[in-house]
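What follows is one structure encoded as structure tokens, with my remarks underneath.
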Amino acid sequence: MEPKDALTLLRRGKGLSQEEVAARVFVTRQAVSRWETGETVPGVETLKLLSALYDVSINTLLGSPETLRCQRCGMPLEDGIMSREPDHTINQHYCQWCYADGKFPDVSLHDFIDFLVSQHFIPGVTDKQARAYYEENLPRLDYWKERL
Ligand SMILES: [Zn+2]
């Protein structure tokens, strides 16, 4: 979906007029109109305000251009399982199990892989295959890249 269509649908879904959205995110009604005709897209700070207003991720505001994965466990992310900041805004980098109340569980990569393997999250593979998959892929995620 294009950002203009996503932004229009989300606004209508909340039953808000362009004027009402404009007032809530501190822009002009014309700015909201330009997003919905596809002339412009909201800036980063405005996207954050819209994310809070509609309670959806920035990726969803933009029409879901990216397939997001949790940057700690690798799980595909949809809005419903994304983590939240202590102020309740959505953090689209992590799932709700990897990041909560502003914190990550303090677990080493080695112990985390042991845990993931024991949970059998990947259907139809042996423990050895699952371990090899996690050992190859987890270190590429932002959380582990910063810590290894
Ligand atoms: Zn996760």
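Close Cβ contacts (under 7 Å, 6 or more residues apart or on different chains) running from residues in the stretch 77-93 that are free of Cβ contacts under 8 Å to residues at least 12 places away in the same chain to residues that are buried (at least 16 other Cβ atoms within 10 Å of the Cβ) and basic (Lys, Arg) comprise 91/84. Based on this model, can you work out whether residue 38 counts as within 16 Å of the ligand (Cβ to nearest atom) and modelled with pLDDT of 95 or more? No, not satisfied.
Quick test for you: out of 9, 53, pick the one residue that is of a type outside the set (Ser, Thr, Tyr) and under 17 Å from residue 90 (Cα atoms). Unique residue meeting the criteria: 53. Checking the stretch 99-112 against the condition returns a match, with at least one residue being farther than 22 Å from residue 42 by Cα, more than 10 Å from the chain's Cα centre (by Cα), crowded, with 20+ Cβ neighbours inside 10 Å and of a type outside the set (S, T, N, Q). Restricting the stretch 64-78 to residues that are surrounded by 16 or more Cβ atoms within 10 Å (Cβ to Cβ) and within 18 Å of residue 47 (Cβ to Cβ) leaves a set whose member that is modelled with the lowest pLDDT is 64.
Would you check if residue 24 is without any contact (Cβ under 8 Å) to a residue 12 or more places away in the chain and surrounded by fewer than 17 Cβ atoms within 10 Å (Cβ to Cβ)? It is false that residue 24 is without any contact (Cβ under 8 Å) to a residue 12 or more places away in the chain and surrounded by fewer than 17 Cβ atoms within 10 Å (Cβ to Cβ).
Screening residue 49 on (1) touching a residue at least 60 places away in the same chain (Cβ under 8 Å); (2) of a type in the set (A, V, I, L, M, F, W, C); (3) under 23 Å from residue 11 (Cβ atoms) shows it passes everything except condition (1).
The values are calculated or read from the model by the stated rules, or taken from the named source; none is laboratory data. All of these numbers come straight from a predicted model, not from anything done at the bench. Cβ coordinates were reconstructed from backbone atoms using ideal geometry, including for glycine residues, and neighbour counts include every protein chain displayed.
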